Amino acid sequence: MSYLSSLKPDMKTLPKDIIVGFSTGLFSIPEGMAYASLAGVHPVYGLYSGMVSTLVAALSTGTILMISTLTSAIALSTASALSMAGVDANANPNALFTITFLVGVTMFVAGLLRLGKLVSFVSNAVMTGFVLGASMLIIIGELGDFFGYDPTGANDFVEIINWFVNIGQWDLTTTMVGVSTIVMVVALKRFKKTEKMASIIALLVMSVVVFVLKLPVALVESIGTIPRSLPTPMLPGFSLIPQLALGSVSVAIVALVQGAGISTAYPNPDKSKSSQNRDFIGEGLGNLAGSFFQSMGTGGSLSRTSISGSGGAKSRWGGIFAALWLALIVLLFGPLAELVPLAVIAGLLFVIGYELISARLPSAILIHRVSLSSAAAMWVTFLSALFIPLQWTIFLGAGLSLLLYVWASSQNVKVHHLLKNEQGRFEEQDMPDVYPSNQATVVSMGGTDFFAEVPIVEEELPSKEGVQNAVVIFRVRGHESASSTGMKFVQRYTQELKQSGNLLMLTGVQPHVMDVLKRTEIMDLIGEENIFPVQAGYGASTDTALEAAQVWIDKQPDSQLAASDESTSDDQDQA
């Protein structure tokens, strides 16, 4: 199905998309306000983040059901980026929209450069540690609103200690409102009919209770007004780009990695293939458009997409109507949001933080059981989130993912001696300590790159000391690419074999590797007759190489003399 076809509303499914869009848009009210509060900015920007950005992304992402909006991890990363830049977004809202603009640019460029596959290089261990750390930050960041006492400290760990030590300064009424919110949400989530709307019901009920009883707790109106209007156009602060550029890239990375799994969880209903690169472009366009309409940074939201997908959305119109419904609700009832208690929002975030942690615990347990190195990476990422700004945590996590990938790749290097059994099939056996003279030795090279792991490969290879008339056959069938390090090794190894009267052959050579050999003139050094391209049958090119190797060995004078000496010895034994 073409892109234009996916935009055409289906009259059979449109009513369902309208209803699901209403639920999703309504759900965006408590979550949007909560996440904006988490970032330390006015709640209205959380509401605005579900309008223009969500609408444009719904029109352009490759994953049809994706809802791109503000998430907890994006909010935390945004707060970290602002803090590191020394910018107060409440005093200068343009800074917030500048981050959104830069996030959009980063996403859009990443999509154009087809970097979608790169998100898979962020390991599960690192992502688990990051999510657990970010979830703890959600809870820590709301301690003040939940208990009526704002803890202080040099880092989040110190803030926890400060909060606990000053238990006597907690406000009882505020704490009871927060606890009641949690109890109500947990209770409502136990019933199927109210599970999806638990947050909305709790927000409405607790707000009414506080209003009717006139409880002395802080409300949203204490931090600003919410107008009964749609977001008006406002330019980002382009002069702040140098200050916010690096932090914005980290926000974009968090958003892209977080939304990467949505296409798998919610495949396109029309059976069309989704594209990670197309999702990047769509999310980027949403942020670029939203940055001019007072939106915070946005990205694929699994929670909002699950509300839409599990509710029965069948097309892009589910996301489109989610944005339109939210805009209409804010336009009609926006000022009522000022009456929402901050403790209620904090309670909702406590539940969200707990759910994120509990959802990742099975993965954390699995990581511990599978690999100590992965477990270490997970804990480093988790703990770093508590002590360093979150924007640096994602870069640290990306670096750890790269190290884990390199380590795992080095462990995948396999060097085997291939020998034919009685049935004429190749079998993998351990390498001999020394290459046998006057014989061909087939060395199977396994790994992730063409001899990129040279030191490990060389350690596994037999000794060449005192060897004559030997043919070493490197079987490289599985290697699609060639590195300069690998080419330099081949060049050196060929020269060393030649100097001692031996020969190197390559078999199972892929077309791209063959082109590299030609361009680097290594083919002339090895000899084109000693390089055998990959063939269809398993071991076919290796068989051809073995035949050629035997012909070469038979032509060597020392080999013929050795054969003559062996024949004479046999005659004497018979006599």
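FYI, it's all coordinate maths here, none of it is from the lab. For clarity, every value in this text was computed on a predicted model and none was experimentally measured. Cβ sites come from the backbone with ideal geometry, for glycine too, and all protein chains shown count toward neighbours.
Remarks
- Spacing of the two label points (7 Å from each Cα toward its C-beta) at ALA376 and SER310, in nm: 3.8
- Only Lys, Arg, Asp and Glu carry charge here, each on its Cβ (+1 for the first two, -1 for the last two); on that basis the chain has a dipole of about 3320 debye about its Cα centre.
- Distance in nm between pseudo-label sites at GLN429 and ALA540 (7 Å out along the Cβ direction from Cα): 2.7
- Seen against the Cα atoms of the chain and their longest principal axis, helix 72-85 is set at about 90 degrees.
- Förster radius 60 Å - calculated FRET efficiency between ASP515 and SER358 (Cβ-Cβ, nearest 0.05): 0.70
- Taking a ≥ b ≥ c as the square roots of the eigenvalues of the Cα gyration tensor, an a/c ratio below 1.5 marks the stretch 414-562 as rounded.
- Dipole size of the stretch 414-562 about its Cα centre, with +1 on Lys/Arg Cβ and -1 on Asp/Glu Cβ: approximately 260 debye, rounded to the nearest 20.
- Taking the DSSP beta bridges with both ends in the chain, the antiparallel portion is around 45 percent.
- Antiparallel bridge percentage (DSSP; both residues within the stretch 414-562; nearest 5): 40
- Between the stretch 503-553 and the stretch 159-176, the Cα center-to-center distance that results, in Å: 73
- Cα-based helix-to-principal-axis angle, 93-112 vs the chain, degrees rounded to 10: 30
- Percentage relative contact order, the chain, counting C-alpha pairs under 8 Å, at least six apart: 22
- With 30 Å as the limit, the listed pairs LYS117/LYS314; LYS12/LYS117; LYS117/LYS189 have LYS12/LYS117; LYS117/LYS189 beyond it between alpha carbons.
- Treating each Cα of the chain as an identical point scatterer and summing with the Debye formula, the log10 of I(q)/I(0) at q = 0.07, 0.09, 0.12 Å⁻¹ comes to -0.55, -0.76, -1.08.
- Cα gyration tensor category, rounded, prolate or oblate, for the stretch 226-278 with a/c compared to 1.5: oblate
- Cα gyration tensor shape of the stretch 138-237, rounded if a/c is under 1.5, else prolate or oblate by comparing a/b with b/c: oblate
- Options ALA540, ALA470, PRO432, ranked by Cα towards positive dipole end of the stretch 414-562, top entry (Cβ charges): ALA540
- 3J(HN,Hα) couplings calculated from phi for the stretch 237-253 with the Karplus curve 6.51 cos²θ - 1.76 cosθ + 1.60 (θ = phi - 60°) are, in sequence order, x, 4, 5, 8, 4, x, 6, 9, 4, 5, x, 5, 4, 5, 4, 5, 4 Hz; Gly and Pro show x.
- Extended-chain gain in nm, criterion 0.36 nm per residue less alpha-carbon gap, ARG492 and ARG228: 87.6 nm
- Measuring against 29 Å, Cα to Cα, the residue pairs LYS192/LYS273; LYS193/LYS214; LYS414/LYS488 contain LYS192/LYS273; LYS193/LYS214 as the ones spanning a longer distance.
- C-alpha long axis of helix 372-387 to longest principal axis of the chain, angle in °: 30
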